[in-house]
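Engineer: Dropping a structure here in structure tokens format, bear with me for questions.
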Ligand SMILES: [Zn+2]
Ligand SMILES: [Zn+2]
């Protein structure tokens with residue numbers, strides 16, 4: 001931010017590439033200025049358009065996103081929401097940013113990918129599948145987020161269904177040990193707040209992500225109206241579409257946040273710009289709107 005003038009919120013008036021913020025700063029109160037610095041996305045949601053196990057309609061999803069005060073949603077369908085249909089729906093929504101993604105099943109777990117049209121063929125040895133996915137995502141300039149990497153890891157002592165560490169006898173004893181898994185060298189980011197996980201699974205992911213220098217993303221993994229925005233990701237600046245999202249993800253300095261949906265946001269990241277009052281202010285607005 002060198003060379004840019006900061007206003008009384010403590011931030012310069014533009015973001016990274018210089019995306020101008022909407023309204024002239026002088027006409028906004030302090031809370032509005034803080035709001036403008038913050039884009040909040042639930043980065044992991046399934047609808048019935050591309051996820052057979054979801055009962056959530058796109059219309060319900062958008063309405064709840066409005067109620068919650070989200071900037072947008074990354075729709076991470078299991079089977080993919082066909083692009084043409086997605087774009088047709090997206091054009092009907094002008095106040096909530098919708099980003100199309102795919103949650104790919106691999107032998108090493110679930111990977112949220114941006115840029116792919118459908119599942120990539122080529123299954124073999126487990127890490128090879130991730131390498132194939134990496135190549136395909138790179139071809140289209142996309143992005144890969146390892147979703148809920150430690151789900152079920154702590155269902156011990158005799159049994160684990162975790163997909164990274166499938167042998168209950170050889171469960172990693174520390175985050176350092178878990179971080180040595182090769183999958184972390186092949187993804188761009190790691191989801192550290194997942195609304196369907198238990199606390200210890202998310203915190204372990206947070207530790208491993210920190211070891212690798214990932215910022216960590218947050219999403220609800222909602223399949224219904226229950227728990228949308230339980231996990232969100234906070235970006236500094238105005239993220240208005242897929243290109244902005246890719247730029248913001250690559251730039252880093254974003255933060256995973258838990259329990260935004262109940263007005264008690266907890267920041268699990270290390271982005272120093274994100275102040276509690278920014279999250280609380282946004283959450284309070286949906287509380288008061290809900291009456
Ligand atoms: Zn998943
Ligand atoms: Zn999911």
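Engineer: Starting with the highest mean, order 196-205, 221-230 by the number of other Cβ atoms within 10 Å, averaged over the residues of each peptide.
Structural biologist: 221-230, 196-205
Engineer: Right, here's the next one. Run the quick spin-label model on residue 117 and residue 95: label points 7 Å from Cα toward the beta carbon, then report their separation in nm to one decimal.
Structural biologist: Placing both labels 7 Å beyond Cα along the Cβ direction yields 3.5 nm.
Engineer: Continuing with this model, one more query. What number, in percent, do you get for the relative contact order of the range 117-233 if the mean sequence gap of Cα pairs under 8 Å and at least 6 apart is divided by its residue count?
Structural biologist: It rounds to 23 percent for the range 117-233.
Engineer: With no solvent and one equal point scatterer placed on each C-alpha of the range 37-289, evaluate the Debye formula and give log10 I(q)/I(0) for q = 0.07 Å⁻¹, two decimals.
Structural biologist: -0.21
Engineer: So what does log10 I(q)/I(0) come out to for the range 185-284 at q = 0.16, 0.23 Å⁻¹, using the Debye formula with one equal point on every Cα and no solvent?
Structural biologist: -0.66, -1.32
Engineer: Which distance in nm do the two modelled labels at residue 63 and residue 280 give, with both placed 7 Å along the Cα-to-Cβ direction?
Structural biologist: 3.2
Engineer: While we're on this one: Ranked from highest to lowest mean number of other Cβ atoms within 10 Å per residue, what is the order of the peptides 95-107, 259-271, 175-187?
Structural biologist: Per-residue Cβ counts within 10 Å, averaged per peptide and sorted highest first, yield 95-107, 259-271, 175-187.
Engineer: Take every DSSP beta bridge with both residues inside the range 37-289 and express the antiparallel ones as a percent of the total, to the nearest 5.
Structural biologist: 55
Engineer: Among 160-166, 144-150, 45-51, how do they line up by average Cβ neighbours within 10 Å per residue, starting with the highest?
Structural biologist: 144-150, 45-51, 160-166
Engineer: Moving on. Whole angstrom only: what separates the Cα centroid of the range 85-164 from the Cα centroid of the range 169-196?
Structural biologist: 15
Engineer: Relative contact order (percent) for the range 37-289, with alpha-carbon contacts under 8 angstrom and 6 or more residues of separation?
Structural biologist: Across the range 37-289, relative contact order equals 20 percent.
Engineer: Follow-up. Suppose the chain between residue 176 and residue 262 were pulled fully straight at 0.36 nm per residue; how much longer would it get relative to their current alpha carbon spacing?
Structural biologist: Working it through step by step, the gained length comes to 27.7 nm.
Engineer: Follow-up question, since we're still on this one. In the range 150-291, what percentage of the DSSP-assigned beta bridges are antiparallel, given to the nearest 5?
Structural biologist: The antiparallel fraction comes to roughly 65 percent.
Engineer: I would also like to ask the following. For the range 132-239, take the alpha-carbon Rg, divide it by the Kirkwood Rh, and send me Rg/Rh.
Structural biologist: Value, to two decimals: 0.99.
Engineer: Further question: Report the residues of the range 132-176 in range of a label on residue 211: point 7 Å along Cα→C-beta, backbone N strictly under 11 Å from it.
Structural biologist: Counting backbone N atoms under 11 Å from the label point, the list is 172-176.
Engineer: So the label point goes 7 Å from the Cα of residue 200 along Cα→C-beta, right? Which residues of the range 175-193 then have their backbone N under 17 Å from it?
Structural biologist: Inside the label zone: 175-178.
Engineer: A further question on this structure: Compute the FRET efficiency between residue 225 and residue 29 as 1/(1 + (r/R0)^6), taking r as their Cβ-Cβ distance and R0 = 35 Å, and round to the nearest 0.05.
Structural biologist: E(calc), rounded to 0.05, equals 0.65.
Each value in this text was obtained by applying a stated rule to the coordinates, not by laboratory testing. Quick caveat, the model's predicted, so the values are computed rather than measured. Every residue, glycine among them, receives a Cβ derived from its backbone with ideal geometry; neighbour counts consider all protein chains shown.
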